[in-house]
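Bear in mind these aren't lab numbers, they're just calculated from the coordinates by the rules spelled out. Keep in mind that what you see is a predicted model, and the values were worked out from it rather than measured. Cβ: placed from backbone, ideal geometry, glycine included. Neighbour counts: every protein chain shown.
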Amino acid sequence: MKPVPFEYVRASSIGEACDVLQREGDAVKLIAGGQSLVPLMAMRLVRPGLLLDINEIAALKFISLETDTARIGACTRQALVERDGALAARVPLLRQALAWVGHAQTRNRGTLGGSLAHADPCAELPLTAQVLGARMVLRGTAGTRIVPAGDFFSGPMMTVTGPQECLEEVHWPIWSEPRTGSAFTEISNRHGDFAMVAAAAQLALDGDGRCVRAAFGLGGVDQTPLAFPQLAARLVGTRLDEAVVQSVAQDAAAAARPGSDLFATSAYRRHLAGVLGARAIRSAHEQARL
Amino acid sequence: MTEKLYSISIEVNGVHRTAQVPARRPLADWLREDLHLTGTHLGCEHGVCGACSVMLDEEPVRSCLMYAVQADGHRVTTVEGLARPDGSMSVLQDSFCQAHALQCGYCTPGMLIAAQGLLDAHPRPTDRQIREAIGGNLCRCTGYQQIVEAVRLAADRMAEESK
């Protein structure tokens, strides 16, 4: 399995990368960790004329914790994100999600921004971005713009990133509530595969055990990962008893539009959505109570 | 058609190597076919089986999922680089023999690289960590149990040796 011939440019700065994108147009494909792109190129499903490598741009690799935001450079390796204890204390869902992403060897090379830009509707990091409302910083030659996750994913493997733009960094909201818990769970054929269905939740409780803030979403059940802010809002003010958790998870499953494939029917995915959705909310609740 | 060639300079198992390669040459193919380091095995060639794992700057990665040109300026260690300087087997390699952790041997180079990466980061891993570390490597012979035992044995022996 060999890709078509292509030319190669290693960008040394984001500015240089944007210049190449501007100059070369549609023939260019950006490569970050390449853990999804290289197989697609090997199968010749992707045939770039020019591969623009952003792996050596040091300015795209950082984790910076601010008061209410964790800023992460788009080309930061997944393994580094996973290992960062200070980040895990503030955005725990990221580490929880990364435990399901590929394997040690792919996380050593795969990047945070690469997974988001690839936008697989079954992938864990896009779902995490949706649930937490991460903001994408897109850089073009004309400057940067910030796109919230809810507007970023436009379809399967599609985002609103323009052909001359590059994802530069990702801003993850830090919840300030002291009693915050989160959870990520999924079912896949083998551990490390893309999810058949995935669910993620993050909850905050007041001193009395009442839910004061909630976020919840599902992956693998539609064209993009889904967040359910209105359903999550129904959890706020409750004590997260089983009836409300079940009703939210079941309503989310009903709102999903899962497809069928060789591995799972639409009906089975919808069933999983209800089961895993409730499981994620319950686990996040347990974490918040600790 | 002649493909454009790119100059690369990569340290492989401590030896400085330079070459001219087309951009589409996978790192795995460059190691095997140009350097004749055939210890690195190619199973699936699209990032599923883990047989082609090598260390890139001391971290295990899949060598079928990057191009040789991308490794320019970096260090690569293949399974050939795990042996002792005199060519005898490392503690980890010997432990694979002792614990019968291989049968056909096709997955072994990738298993060794994955396990070495684990032991470098966690000299006394739990069984859970061992299973997670080799979770991206397929083996169709052993049932994995002896591989887990071999990594545990290697960790015990290395801890004993460093006393």
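Here are a few things to note about the model shown:
- Built amide H within the under 5 Å cut-off of A:Gly110, gap 5+: A:Gln78
- Sorted largest first, the principal axis extents computed over the alpha-carbon atoms of the range A:26-106 equal 42, 26, 17 Å.
- Largest GNM mean-square fluctuation among B:Val54, B:Val12, B:Val21, using chain B with Cα springs under 10 Å: B:Val21.
- Label point distance in nm, B:Cys97-A:Ala88, each placed 7 Å from Cα along Cα→Cβ: 3.7
- Projected over every direction and averaged, the convex hull enclosing the alpha-carbon atoms of the range B:21-76 yields 3.5 nm².
- Dipole magnitude (debye, nearest 20) for the range B:5-82, charges at Cβ of Lys, Arg, Asp, Glu: 160
- Sorted by Cβ neighbour density within 10 Å, fewest at the top, the residues B:Ile8, A:Ile187: A:Ile187, B:Ile8
- Estimated vicinal HN-Hα couplings, Hz - the range A:70-77 in sequence order (Karplus 6.51, -1.76, 1.60; Gly, Pro = x): 9, 9, 10, x, 4, 9, 6, 4
- Length-normalised contact order of the range A:179-289 in % [C-alpha pairs under 8 Å, at least 6 apart]: 33
- Top positive-direction residue, dipole computed over chain A with Cβ charges, set A:Met196, A:Gly15, A:Ala58: A:Met196
- Structure-based [θ]222 nm, chain A - -39500 (n - 2.57) summed over DSSP H runs of at least 4, per residue, nearest 500: -10000 deg cm²/dmol
- Springs join every pair of Cα atoms under 10 Å in this Gaussian network model of chain A, and among A:Gly209, A:Gly277, A:Gly114 the largest mean-square fluctuation is at A:Gly209.
- Förster-model FRET efficiency, 25 Å R0, B:Cys104 and B:Gln145, C-beta, rounded to 0.05: 0.95
- Given +1 at the Cβ of Lys and Arg, -1 at the Cβ of Asp and Glu and no other charges, the dipole of the protein assembly as shown around its Cα centre is 660 debye to the nearest 20.
- Under the Karplus curve 6.51 cos²θ - 1.76 cosθ + 1.60, θ = phi - 60°, whole-Hz ³J(HN,Hα) for the range A:158-170, x wherever Gly or Pro sits: 10, 9, 7, 4, x, x, 10, 10, 10, 5, 9, 8, 10
- Taking the C-alpha atoms only, the angle from helix A:242-255 to the longest principal axis of chain A is near 40 degrees.
- Against chain A, whose longest principal axis is taken from its Cα atoms, helix A:14-24 shows a tilt of about 60°.
- Distant-in-sequence amide H partners of B:His74 (H built 1.01 Å from N, under 5 Å): B:Glu11
- Model label sites at A:Val236 and B:Arg157, defined 7 Å from Cα along the beta-carbon direction, differ in position by 6.0 nm.
- Number of partner chain Cβ atoms within 10 Å, mean per residue of A:94-104: 3
- Simple label model, 7 Å out from Cα along Cβ direction - A:Leu290 to A:Met157, nm: 3.8
- Proximity of backbone amide H atoms, modeled 1.01 Å from N, is registered between A:Val212 and A:Ala204, A:Leu205, A:Asp206, A:Gly237 at under 5 Å, excluding neighbours fewer than 5 places apart on the same chain.
- In sequence order, calculated HN-Hα J values of the range A:203-211 (Karplus, 6.51, -1.76, 1.60; Hz; x Gly/Pro): 9, 10, 10, 8, x, 8, x, 8, 6
- Computed on chain B, with alpha-carbon pairs under 8 angstrom and 6+ residues apart, the relative contact order is 23 percent.
- Per residue, the average separation of C-alpha pairs within less than 8 Å and at least 6 apart gives the range A:7-51 a relative contact order of 52 percent.
- If the Kirkwood radius is taken over C-alpha pairs of the protein assembly as shown, then at 25 °C and 0.890 mPa s the Stokes-Einstein diffusion coefficient equals 106 µm²/s.
- Look at the dipole of the protein assembly as shown built from charges on Cβ: of A:Trp172, A:Val248, A:Val4, the Cα furthest out on the positive end belongs to A:Val248.
- Here the alpha carbons of the range B:106-163 define both size measures, Rg and Dmax, at 11.0, 36 Å.
- Each Lys and Arg contributes +1 and each Asp and Glu -1, all at the Cβ; summed about the Cα centre of the range B:71-152, the dipole is approximately 220 debye.
- Take each residue of peptide B:62-72, count the partner chain Cβ atoms within 10 Å of its Cβ, and average: the result is 6.
- Rg/Rg_ref, the range A:61-173, where Rg_ref = 2.2 N^0.38 Å and atoms are Cα: 0.98
- Helix A:266-289 and the long axis of chain A differ in direction by around 70°, with both axes built from C-alpha atoms.
- Mean ellipticity per residue at 222 nm, deg cm²/dmol - from DSSP H runs of n ≥ 4 across chain B, formula -39500 (n - 2.57): -8500 deg cm²/dmol
- Bridgeable lysines around A:Lys61 (alpha carbons under 26 Å apart, same-chain partners fewer than 8 residues away excluded): A:Lys29.
- Fewest-first sequence of B:Val15, A:Val221, A:Val212, A:Val248 by Cβ atoms within 10 Å of each Cβ: B:Val15, A:Val212, A:Val248, A:Val221
- Between A:Thr141, A:Thr185, A:Thr265, the GNM of chain A built on Cα springs shorter than 10 angstrom shows A:Thr265 fluctuating the most.
- Taking other C-beta atoms within 10 Å as the exposure proxy, B:Ser95, B:Ser53, B:Ser7, A:Ser247 rank B:Ser7, A:Ser247, B:Ser95, B:Ser53 from fewest upward.
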